[in-house]
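These notes concern the structure reproduced below.
The values are calculated or read from the model by the stated rules, or taken from the named source; none is laboratory data. Since the structure is predicted, the reported quantities are computational estimates derived from the model, not experimental observations. Here the Cβ positions follow ideal geometry from the backbone for every residue, glycine too, while neighbour counts run over all protein chains shown. The protein model used for the area step is the full one, side chains on, heavy atoms only, and it has no ligands, DNA or RNA in it. Shrake-Rupley method; radii C 1.70, N 1.55, O 1.52, S 1.80 Å.
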Amino acid sequence: MMKTLTTTEELAEFCTRARGFDYVTVDTEFLRERTYYSKLCLVQLAVPGDTRDDAVLVDPLEGGLSLEPLYELFRDPSVVKVFHAARQDLEIFYVDAGVIPEPMFDTQVAAMVCGFGEQVGYETLVRRIAKQQLDKTSRFTDWSRRPLTEAQKKYALADVTHLRDIYEFLARKLEQTGRDKWVAEELRTLTNPETYVVKPEDAWKRIKTRNGSGRFLAVLRELARFREGYAQSRDVPRSRVYKDDAMVELASTKPATLQDLSRSRLLLREARKGEIAEGILKAVEEGLKCPPEDMPKLDTARSKLQVNPALADLLRVLLKAKSEEFGVASKLIASASDLDELSAGARDLPALSGWRRDVFGGDALRLCDGEIALAARGKDICTVEL
């Protein structure tokens, strides 16, 4: 029988016990299809060991359970909190209580550093490291419904029990290779609170558009600001307010009346009346009143760079060679756009700092400056001093 904690006292007892170990593995199950913020449905926790009490489910939907004992554990610097692909989990905890686990470890990031490929999945690591197979029958399930079945509980617990073996394996490998600092560098973004703060005034920057008109962008900014604030305050998905393509259409047509709104091809019926309609018209009005000096501008600096196709191809060859040499996922080192920008003369890139510079960036700059060339040596690619 799998143990499910449904009271604050039970959770506090487990978390107190967890402080006696070096690490605790953590995962969550949640829903987000019908809300702006993720709805936490289940928390899975495990400490080293193989008894019934070493891995538990925490049910935040039952009774009046408080997660504060868990947050106290998250704040304990003596216990490493281990996740796989932690971003969404951390967002839930930060939004709920302003807490980010410290110290924390992400096995997906560590696996990429250790040569397991791009964005490696948990199932792959379970198979390759823990030598186990996951039962995937409960992968697509409504975690908010109660009672949970035994199959659901078994599936959920497997997300933290196998994670113990994966963490211990990767932690040893990182220590042996001296790459633990690389992972720590990668985790800075995940542990930065700004990662999980969405400011309505900046929401327009995520909207894809090629229209660089200041007036258009001013209206787009206000429409995005209204949508973000409305979705946050009512905890509904952005798309339930209006979708991105409708927002771009509104920024172009600049409706001034409800009758104008009724002519929109892309606006949802619910958005043509009531609070949303009023918010749209007010946002358009604010955007149109924006003084020229305050109008937003697209970041065109990158788009104006002249890519050197031949040099970009050489950089791709160098990246592949370095990725294979160091056993690190190439996308973790540099993206395709990074290579294009590097060939065009950009130098403010992640690939040129930290551990990435040691692995790839340093030689990439030397290749760009004509100080080295690439040569084939058997099946390998090597650098040659010029």
| message | Given the whole protein assembly as supplied and a 1.4 Å probe, what does the accessible area of Arg225 come to in Å², nearest 10? | response | 90
| note | Of the convex hull enclosing the alpha-carbon atoms of the range 109-152, the direction-averaged projected area in nm² is 4.2
| Nearest 20 debye, what's the magnitude of the dipole of the chain about its Cα centre given +1 on Lys and Arg Cβ and -1 on Asp and Glu Cβ? | 1400
| 222 nm [θ] for the chain, helices only, -39500 (n - 2.57) per DSSP H run of 4+, per residue, to 500? | -13500 deg cm²/dmol
| query | Out of residues 5 or more away from Cys41 or on other chains, whose amide H comes under 5 Å of its own, with H placed 1.01 Å from N in the peptide plane? | reply | Glu29, Phe30, Leu31
| message | Pairs on different chains or at least eight residues apart, Cα atoms closer than 22 Å: how many lysine pairs in the range 302-385 fit? | response | 5
| task | Divide the volume of the convex hull of the Cα atoms of the range 243-376 by its number of residues and quote the answer in cubic angstrom per residue. | result | 181
| remark: Heavy-atom accessible area of Arg227, protein chains in place, probe 1.4 angstrom, given in Å² to nearest 10, is 10
| task | Taking all protein chains together and a probe of 1.4 Å, list Ser252, Ser330 from the most accessible to the least accessible. | result | Ser252, Ser330
| note | What one gets for the range 301-386 as the Kirkwood radius, inverse of mean 1/r over different Cα pairs in Å, is 12.9
| query | In square nanometres, what is one fourth of the surface area of the convex hull spanned by the alpha carbons of the range 4-196? | reply | 10.7
| request: Run the numbers on the range 302-385 and let me know its relative contact order in percent, using alpha-carbon pairs under 8 Å that are six or more apart. | output: 30
| note | For the range 4-196, the percent of accessible surface on carbon and sulfur atoms (probe 1.4 angstrom, ligands and nucleic acids excluded) is 47
| request: Provide the percentage of antiparallel DSSP beta bridges, counting only those with both residues in the chain; round to the nearest 5. | output: 65
| So for the pair Leu298, Thr195, with labels modelled 7 Å out along Cα→Cβ, what separation do we get in nm? | 3.0
| task | Between Arg34 and Lys205, take the C-beta separation as r, use R0 = 25 Å, and let me know the FRET efficiency to the nearest 0.05. | result | 0.45
| message | Can you tell me, using C-alpha contacts under 8 Å and at least 6 residues apart, the relative contact order of the range 197-288 as a whole percent? | response | 34
| task | Could you work out the relative contact order of the chain, using alpha carbon pairs under 8 angstrom and six or more residues apart, expressed as a whole percent? | result | 13
| request: Report the net charge of residues surrounding Glu278, where surrounding means a beta-carbon distance below 14 angstrom and charges are Lys +1, Arg +1, Asp -1, Glu -1. | output: -2
| request: Classify the range 263-315 as rounded, prolate or oblate from the Cα gyration tensor: take a ≥ b ≥ c as the square roots of its eigenvalues, call it rounded if a/c is under 1.5, otherwise prolate when a/b beats b/c and oblate if not. | output: oblate
| field | Peptides 36-42, 321-327 ordered by average Cβ neighbours within 10 Å, highest first | value | 36-42, 321-327
| said: Counting just the Cα atoms, what span does the range 200-294 cover along each of its three principal axes? Round to the nearest Å and put the largest first. | reply: 34, 28, 21
| query | Once the convex hull of the C-alpha atoms of the range 92-221 is built, how many Å³ does it hold per residue, rounded to a whole number? | reply | 184
| query | In what sequence, largest accessible area first, do Ser239, Ser264, Ser233 appear using a 1.4 Å probe? | reply | Ser233, Ser239, Ser264
| field | Measure of compaction for the range 33-91 (Cα Rg per 2.2 N^0.38 Å) | value | 1.27
| task | Keeping to pairs on different chains or 8 or more places apart, tell me how many lysine pairs in the range 42-179 have Cα atoms under 19 Å apart. | result | 5
